[in-house]
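Data block below; observations after.
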Amino acid sequence: MAAPQTLIDAVDRIIDDFNRRKLDLPDGFFSRKTQFLINGAPFETLLSTAPNDPLILMLARGPAGYRFTVQALQHAIPDVKAERGDLVTDGDPFGVTTKVWLSGTLRGNGVPINALVTIHLRLTEAGPIEIAAASMNETELAAIREARLKP
């Protein structure tokens, strides 16, 4: 996964699958320990007051954490589409950053959203992603969280 073009291809494939409502991932992209963060908060701390519980870690990390998150996002924005900007390495041999635009209509209130998300991927020396950190506007994140709770 370390070769830049391979990483770009993998990210493009994930975005394409996301837009087609597929939960597939390239082999070895995430390890089962990959940690996900949103605005600096690890997903496991958002799911539970016992973030070290093995069940919580199983849901919040690795491919399962990715799929869990994508399904919640697709529920909150049923017609969500993602489009990525350029991947930038910033001189870090184990990190890349990209911006992704998420657009669609929020569940429950029909309000359109076009959110800019900055995603930083930190790779291990072996290649899989160690940390996937996303940051976005808190107001837009709150609107997505509220829409996720709608039936």
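Please treat every number below as a calculation from the coordinates, not as lab data. Note that the structure is predicted; figures quoted are calculated from it, not measured. As a convention, Cβ positions derive from the backbone with ideal geometry for all residues, glycine included, and neighbour counts pool all protein chains shown.
Compactness of the chain is given as radius of gyration and Dmax, 15.0, 45 Å, from Cα positions. For the stretch 107-122, putting each phi into the Karplus relation 6.51 cos²θ - 1.76 cosθ + 1.60 with θ = phi - 60° gives couplings of 5, x, 10, x, 6, x, 9, 9, 9, 9, 10, 9, 10, 10, 9, 10 Hz, in residue order, rounded to whole numbers and with x for Gly and Pro. Rounded to the nearest 10 degrees, the angle from helix 138-148 to the longest Cα principal axis of the chain is 70 degrees. Its relative contact order, with pairs defined as Cα atoms under 8 Å and 6+ residues apart, puts the stretch 4-148 at 24 percent. Evaluated over the Cα positions of the stretch 9-69, the convex hull gives a direction-averaged projected area, one quarter of its surface, of 4.4 nm².
In straight-distance terms, cross-link reach from Lys22 covers every one of the lysines whose alpha-carbon lies under 17 Å from its own, apart from those fewer than eight places away in the same chain; here that gives Lys81. Hull volume per residue, based on the alpha-carbon atoms of the stretch 83-151 and their convex hull, is 97 Å³. The packing ranking of peptides 70-78, 46-54, 104-112, highest mean first, is 70-78, 104-112, 46-54, where packing means the average number of other beta carbon atoms within 10 angstrom of each residue.
The sum of -39500 (n - 2.57) across all DSSP H runs of n ≥ 4, divided by the residue count of the chain, sets its helix-only mean residue ellipticity at 222 nm to -11000 deg cm²/dmol. Go through Leu121, Leu73, Ser31 and say which Cα lies farthest out towards the positive end of the charge dipole of the chain; charges sit on Cβ, +1 for Lys and Arg, -1 for Asp and Glu. My answer, from the dipole projection, is Leu73.
Of the GluC sites (Glu not before Pro) found in the stretch 64-130, the ones in coil according to DSSP and having at most 13 other Cβ atoms within 10 Å of their Cβ are Glu125. FRET efficiency for the pair Asp92 and Ile15, taken as 1/(1 + (r/R0)^6) with r the Cβ-Cβ distance and R0 = 25 Å, rounds to 0.70.
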